[in-house]
Structures are given as structure tokens and as C-alpha cells.
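> Dropping the structure in here first, questions after.
The values are calculated or read from the model by the stated rules, or taken from the named source; none is laboratory data. What you see is a predicted model, and the numbers here were worked out from it, not measured in a lab. Glycine gets a Cβ as well: all are built from the backbone with ideal geometry, and neighbour counts include every protein chain shown.
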Amino acid sequence: MTPWARWRDGLRALPLDVPHLSPAGARLAWDDAVDALTDAAAESLRGPAARRTGVVGPTTVFTAPLPFVAGILWRGGEAVWKAPRGQSAMAVAVAKLAQIHGLPLVATESRDALIGCERIIATVSDATAAELAGSLGDRLVAFGHRYAVAWVTDVGEVEGIARDLASHDGRGCMAPTTVFTPLPNVVPALVEALDRAAARWPQGPLTDVEGARHRERALLAQALGRVTRARRAEVHELPPSAFEPDRPGRHPVVHHVRDVHEAVATLGPYARWLGGVAATRDEATWHKAGATRVVAPGTLSRPRWDGRHDGVAWLEAVLRG
Amino acid sequence: MNPRDSLVARVRAFVDADLAGKAGPESFEVLASALHAYQATMCPIRKTMPVGPFARAADVPAVPTGLFRRLPVGTCGLDAPVQFHTSGTTGPKPGVHRLWDTALLDHAARGDALRSLPAVPRRGVALLRDPAKDPHSSLSHMVSTLFGETSWHLGSDLDVLGLRRAVETASEPLFVATTGFSLAAWLAEPVPHLPSGSVLMVTGGFKGRMLNIDPDRLLDEAAKRLRPDHVVREYGMTELSSMGWSGTRGPYRLPGWLRAVAVSPLDGTPRPDGERGQLRFVDLCNVDGSVAIETMDVGVAGPGWVELEGRLPGAELRGCSLAAEDLVR
């Protein structure tokens, strides 16, 4: 067994210390991320990595740097995992495990550690990416602002939507916080599925801004649509004209539309930021609308390791020496 | 008298009493409850809220400022004759504060400025858009209302040459009104000293911008290089009709018709005076808009004052705009 495989297998046993996720929620997200690091996917990676690559971790999705870091280490590069300030516990644990197995991974909260990196991978806003590109040039591989939606054409798909939303408590660009559907009976089933998911993977504490945004959107739904609550879950129904890709935690918005074309048209000026779509039908229409990934509900939050992120073949970018 | 005119008269009586240092003919809570009831007959969001009356200002339901982008908040509908727009950057549509007219808020703002500010020069120089060209700026409207003849020096860029000329040719003290962002842009250039007796007013933060400017350092630098006799800070926002005033440091003083409440961001529960939280304001001059609003600002509030600490962390960042500020700083 290679050092990389021993490191990968050891990741599952790390204690999880993740702000704003429940222990079960953190375990769900972590196991999903580690599960993706299969031998088969690793074998498909080609080309050497840059000598030293920095990966900037987000505040919202603690596992986001892991597939990048794993790819760099697999291909023999050095990796620097820059964690958000005050949130480096997981990165430090992963790096310590790597060092035990002789793999060159450093975890840090300091951006100064990025100075010597030939390549820097960051998931940041479009504006920040543009600003960083000025100083970092082609050293930067940036993944900008994205959101995900679900296109529900069968009520049974709500279980998968609930699982996708449970991962990272609805945070990040792979959480389908907006649900479009032509079906009249989705909301009761969805709120029940969300409630069951919350029983299995309890929701962690909201951040302050999520709390404020959640209350704001509930008021909007009260005024323009409907709020449906279960014990541990909430769904907001809004007319398509009120669509905005906001994401206050696990509570999705449902927009009732006639067909997929109305759903796509509803995206309006936000279409350019569309990322993943959880759907079992109309895949071509969603790709034409700009979706970077269209997969079945329940798998949106579990991307394949050898896949693409926001339409970018990120491993190729990482491995470019 | 129609219901609006009646309410305006009642609020004006309260404002005038406060300006005279007396108790109003009605309590703050009675007026706030009356405004809530009036607005609930027409405002699409307020009509879904609990019915008053409310024993405490903190209990008056507040409309989040974000909803001004998404709904015609208030009593005027879409065709209101006065429309002030927010400059926020989080969506394609601005928030809109709609009013039938500005007479009440102009009267209250003038009265409060006169008692709150040091001797106010009659000539103004504004690093703001000309309200004749941009009638949707509540800040430009406020400055044009409060001060005498004013020259305007913000278009697509800051008019640095015009500013220099306006300051260097001035033969009397100036009232210089600016946002923090425009002030920083001005100070990036060589700047003249202001005439003796001048007052510098700085307002606004850096919403949606990179936070690479420390506000205290900015004011210190402005005081050193522009040499105004006084520096004052103003706290207001498009969705409010009233504002707070402060010196270079410390809390903002609020007029009697404007109250601040800090609440829990998670559930909106009011926190005791002096405890940190998300800021709400109950503004009796908001007759046409929303009597109470909830901001994305964080701070500490008490009777007659509010201290601003900044924005809720992440308030300007959405979705995958993850560690943006963290990385750039």
C-alpha cells in the first residue's frame, strides 16, 4: 500500500472539529469527501503536479480543499492548505497525518505561506478572482461564485434533495437550495424528507448572517407565498418572479413552474452563476442553460473526484506543472 | 384629514417637542404602534406581521432592509413620487424607499442637525452625486436639505480637480460632506487645507468593498491633511428617514424619534441595552416606508445612542464567494 493510500485510509478516523456543523453533519460531509478518493479515480489522474500548490479553503465547506490536496499529493507535489482564520483544526489534523506518512502537506491560516506556491487554487467571488488575477496571473486557478438548483419531476426525488441539503447544512455551491418543480404536491413530501434528514443528521448552529437571512426569507415567503414547517425543517414557497439564489441554511425555496423552460427562464440575470443541477430529466436543457453539472438528486453534494468543478477540469489544472 | 396627514402631524408634534427638549404629546410607543397599524393596511410585508399595539419600541416588527429590494415596502406603491435607492451590491436590483414627500424628514433632519452639529458653515462641498442629476440618493438629498449652496463632485469618478478648485477658491468656511470611500479616494491625491471654520462630515462604510481601509485611520489622516475645525460622523441609511450624529469616535447620538435596538441575529429576540447584536431601528419619521427596519449592521444600542461595530460577518458575501476577504487581506 502506498503512503498516499495509507494517508487516505487514515483520514476517516480523524476526529472532526467543525464549527457550525453537528457531529453527525460533519461526519456525513467528511465521509462523502473521503469516499470520493478511490483508487480507481486516483489511477485516472495523469501528469505531474506543480512543485508547490496552495489551496485556499473556504469558511463554508470545510472539505472543499481535500480533493485538491489529495490530487496534488497523489501526483507528487507539495501542498499548502490555507484554512480560514480560526478554522484550521481539520486542516492541521489532515496535514499531521500526511506528514506521518511522509507526504508534503502543510496547513496554515497565514496567507504568507502561499508566497512560494507556483499555483494557487481558490474558491472565491468573481470580483476577488479578478482582483487576485492581477497579482497572481496564471498562478491562480479560481472557482467563482456559483449556486445549485434542483429540478424535481418525481416526488420520490425529495429524499435525495434532503440528503444533498443535509451535506454541509445547505452551504456551498453544491447544495440545491432552490427547487423548481411542475408538481403540485412536492412541498409536503419535501418538508417531511427534510425533517427525517434532520433527525438523522441534525443541523448545526446557523451563523449569525444565516439566521438573519433565514428570518428575512421567511418574511418574504409569508408575504408572497407560503411557509411550511415540520418539527426540524422548513420550506419556503415563492413565485418564480421572486427567485434569488440565496441560501440561508438547509431551508429550500420551492418555485412552482409549468415546465423546465420556465424554470430556466426564471434564473434570469443569475443564470451565469448556475453551477450544479439535481435532476433526473431535461439534462440537455440545463446544460444549455449553463449548468456545469447535472446529476441525480442525492449525488449533487457528492461529486466524483475525477470530475469537474464549475465546468473546469480542476484536476487537470492542479496537475499542470 | 386623511390618515397619513394625521400621522404626519402627530409625528411632527413629537419631533418639535423633542427638539424643544420637552416630552411629546404622545408616547413613542403609541406613535410607533399607530404607524405600524397604518402601514399594515397597505404594506405587503407589514400586513403579515403581528398586530399591535406594542408596549416597547423593541417589539415593533421590523422589515429587513434586504426586502426593500424585493418588495414595494411601505404605503406608496411602485409609483411613489419620491424614491430613494440603495447602493448595495448584492443583487441586480436596488432597494427602494418610497415616499409621498420629504417634508417631515427634512424638517426633522434640519432641526436635529442644528442642535447636534458645531456651527454649520453655509457653503457645502460634497463628494457625492448631484441630487439634481441623481434624485434617488437619499444622502445627496439630506446634504442638499441641510446645508446651503453646495457644489457636487462625484460622477462616475471623483472630480478631484473640481474639488481642489472649490476648496482653494472658498472665501468662507466649508461644510464638506463625503462617504468614507470617496474620502479615501480623495486622500489618495494631494489635498488642500480646508478654510478655517470648516466641518468635515463623513458617512457610510465600505459595504461590498474590500475592507482595506481602517475607518479610524482614515479620519485621523483626513484631520491631519485637510485640517477641518471639526470632524463629524453621520449614521443613516436609505431605508431610514432619520440619522445619528457623532464626533470622530464614540457612539452616535440619536434624536428622540429614532430608537435603536440590538437583537439576536438568529431569532430576532431583543437584547438588553448595552448588549451587542444585529441592529434594528424604529423611526417615527418613516411614515411612508417602514416604521421599523432591521439592518445587517452589528452594534450596541441604548437609550438615545447606538455604537456601530460593522456588518454581520458574511453579510456581503454570498454563495461560493467563500474566503474572499480572508484571502485578500
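> Whether any residue in segment A:42-53 is β-branched (Val, Ile, Thr) and in a loop (DSSP other than H, G, I, E, B) is what I want to check.
Taking segment A:42-53 as the starting set, the residues that turn out to be β-branched (Val, Ile, Thr) are A:53.
Filter again for in a loop (DSSP other than H, G, I, E, B), leaving none.
Checked segment A:42-53: no residue is β-branched (Val, Ile, Thr) and in a loop (DSSP other than H, G, I, E, B).
> Take A:Ala166 and tell me if it is more than 9 Å from chain B (Cβ to nearest Cβ), crowded, with 24+ Cβ neighbours inside 10 Å, at pLDDT below 95 and closer than 25 Å to A:Pro19 by Cβ. First the steps, then the outcome.
Working: more than 9 Å from chain B (Cβ to nearest Cβ): yes; crowded, with 24+ Cβ neighbours inside 10 Å: yes; at pLDDT below 95: no; closer than 25 Å to A:Pro19 by Cβ: yes.
No, not satisfied.
> A follow-up question, please. Within segment A:54-74, how many residues turn out to be assigned to a loop (DSSP other than H, G, I, E, B) and of a type in the set (Gly, Ala, Ser)? Let's see the steps before the verdict.
Just the residues of segment A:54-74 that are assigned to a loop (DSSP other than H, G, I, E, B), to begin with: A:57-64.
Filter again for of a type in the set (Gly, Ala, Ser), leaving A:57, A:64.
Residues in segment A:54-74 being assigned to a loop (DSSP other than H, G, I, E, B) and of a type in the set (Gly, Ala, Ser): 2 in total.
> Those residues that are touching a residue at least 60 places away in the same chain (Cβ under 8 Å), part of a helix (DSSP H, G or I) and within 14 Å of chain A (Cβ to nearest Cβ), I need them from segment B:45-66; list them, please.
Matches in segment B:45-66: B:Arg46, B:Thr65, B:Gly66.
> Inspect all residues belonging to segment A:90-105 and state whether any of them is of a type in the set (D, E, K, R), closer than 30 Å to A:Ala271 by Cα and assigned by TED's automatic domain parsing to the domain that holds A:Leu45. Don't jump to the end; show me each part of the working.
Of the residues in segment A:90-105, the ones of a type in the set (D, E, K, R) are A:96.
Keeping just the survivors that are closer than 30 Å to A:Ala271 by Cα gives none.
The answer is no; no qualifying residue exists.
> If you check every pair at least six apart or on different chains, which have Cβ atoms under 8 Å apart with a residue in segment B:136-152 that is over 15 Å from B:Thr179 (Cα atoms) first and a residue that is hydrophobic (A, V, I, L, M, F, W, C) and assigned to a loop (DSSP other than H, G, I, E, B) second?
Pairs that qualify, where the first residue is over 15 Å from B:Thr179 (Cα atoms) and the partner is hydrophobic (A, V, I, L, M, F, W, C) and assigned to a loop (DSSP other than H, G, I, E, B), are B:Leu146/B:Val120; B:Phe147/B:Val120.
> Another question, if that's okay. Among the numbered conditions (1) buried (at least 24 other Cβ atoms within 10 Å of the Cβ); (2) outside the structural domain of A:Glu210 (by TED's automatic domain parsing), tell me where A:Gly137 comes up short.
Checking A:Gly137 against (1) buried (at least 24 other Cβ atoms within 10 Å of the Cβ); (2) outside the structural domain of A:Glu210 (by TED's automatic domain parsing), the one that fails is (1).
> Please work out if A:Ile100 is surrounded by fewer than 21 Cβ atoms within 10 Å (Cβ to Cβ), closer than 22 Å to A:Gly144 by Cα and out of contact with any Pro (no Cβ under 7 Å at 6 or more places or on another chain). Talk me through it step by step, then tell me what you get.
On the way: surrounded by fewer than 21 Cβ atoms within 10 Å (Cβ to Cβ): yes; closer than 22 Å to A:Gly144 by Cα: no; out of contact with any Pro (no Cβ under 7 Å at 6 or more places or on another chain): yes.
Against the criterion (surrounded by fewer than 21 Cβ atoms within 10 Å (Cβ to Cβ), closer than 22 Å to A:Gly144 by Cα and out of contact with any Pro (no Cβ under 7 Å at 6 or more places or on another chain)), A:Ile100 does not qualify.
> Which residues, counting only those in segment A:75-89, are surrounded by fewer than 24 Cβ atoms within 10 Å (Cβ to Cβ) and outside any loop (DSSP other than H, G, I, E, B)?
A:Glu78, A:Ala89, listed by residue number.
> Being without any contact (Cβ under 8 Å) to a residue 60 or more places away in the chain, buried (at least 22 other Cβ atoms within 10 Å of the Cβ) and in a strand (DSSP E or B) is the filter here, so list the residues in segment B:235-264 that pass it.
Matches in segment B:235-264: B:Tyr252, B:Leu258, B:Ala260, B:Ala262.
> Still on this structure: Taking segment A:209-257 only, how many residues are in a helix (DSSP H, G or I), within 9 Å of another protein chain (Cβ to nearest Cβ) and in contact with a helix residue (DSSP H, G or I) (Cβ under 8 Å, 6 or more places away or on another chain)?
Residues in segment A:209-257 being in a helix (DSSP H, G or I), within 9 Å of another protein chain (Cβ to nearest Cβ) and in contact with a helix residue (DSSP H, G or I) (Cβ under 8 Å, 6 or more places away or on another chain): 8 in total.
Residue-wise test of (1) among the hydrophobic types (A, V, I, L, M, F, W, C); (2) within 14 Å of chain A (Cβ to nearest Cβ); (3) out of contact with any Gly (no Cβ under 9 Å at 6 or more places or on another chain).
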site: B:Val232; (1), (2), (3): yes, no, no
site: B:Asp267; (1), (2), (3): no, yes, no
site: B:Asp273; (1), (2), (3): no, no, no
site: B:Val282; (1), (2), (3): yes, no, yes
site: B:Met296; (1), (2), (3): yes, yes, no
site: B:Gly304; (1), (2), (3): no, no, no
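> Right, another one. On the basis of being over 24 Å from B:Ser264 (Cα atoms), assigned by TED's automatic domain parsing to the domain that holds B:Met296 and in a helix (DSSP H, G or I), does B:Ala34 make the cut?
Details: over 24 Å from B:Ser264 (Cα atoms): yes; assigned by TED's automatic domain parsing to the domain that holds B:Met296: yes; in a helix (DSSP H, G or I): yes.
The answer is yes for B:Ala34.
> Now for a different question. Among the numbered criteria (1) more than 10 Å from chain A (Cβ to nearest Cβ); (2) surrounded by 19 or more Cβ atoms within 10 Å (Cβ to Cβ); (3) among the hydrophobic types (A, V, I, L, M, F, W, C), which single criterion is violated by B:Val82?
(2)
> Out of segment B:4-27, which residues are surrounded by fewer than 13 Cβ atoms within 10 Å (Cβ to Cβ), part of a helix (DSSP H, G or I) and not acidic (Asp, Glu)?
B:Ser6, B:Ala9
> Of all residues in segment A:96-123, count the ones that are part of a helix (DSSP H, G or I) and of a type in the set (D, E, K, R). Write out each step before concluding.
Our first condition is that a residue be part of a helix (DSSP H, G or I); within segment A:96-123, this holds for A:96-100, A:111-114.
Subset that is of a type in the set (D, E, K, R): A:96, A:111-112.
Residues in segment A:96-123 being part of a helix (DSSP H, G or I) and of a type in the set (D, E, K, R): 3 in total.
> What's the number of the only condition in (1) touching a helix residue (DSSP H, G or I) at 6+ places or on another chain (Cβ under 8 Å); (2) closer than 28 Å to B:Gly74 by Cβ that B:Lys133 fails to meet?
(1)
> Something else: Considering each of B:Val202, B:Val191 in turn, give the residue that is at pLDDT below 95, outside any helix (DSSP H, G or I) and over 26 Å from B:Ser138 (Cα atoms). Working first, answer last.
On the way: B:Val202 fails: over 26 Å from B:Ser138 (Cα atoms).
Every option except B:Val191 fails the conditions.
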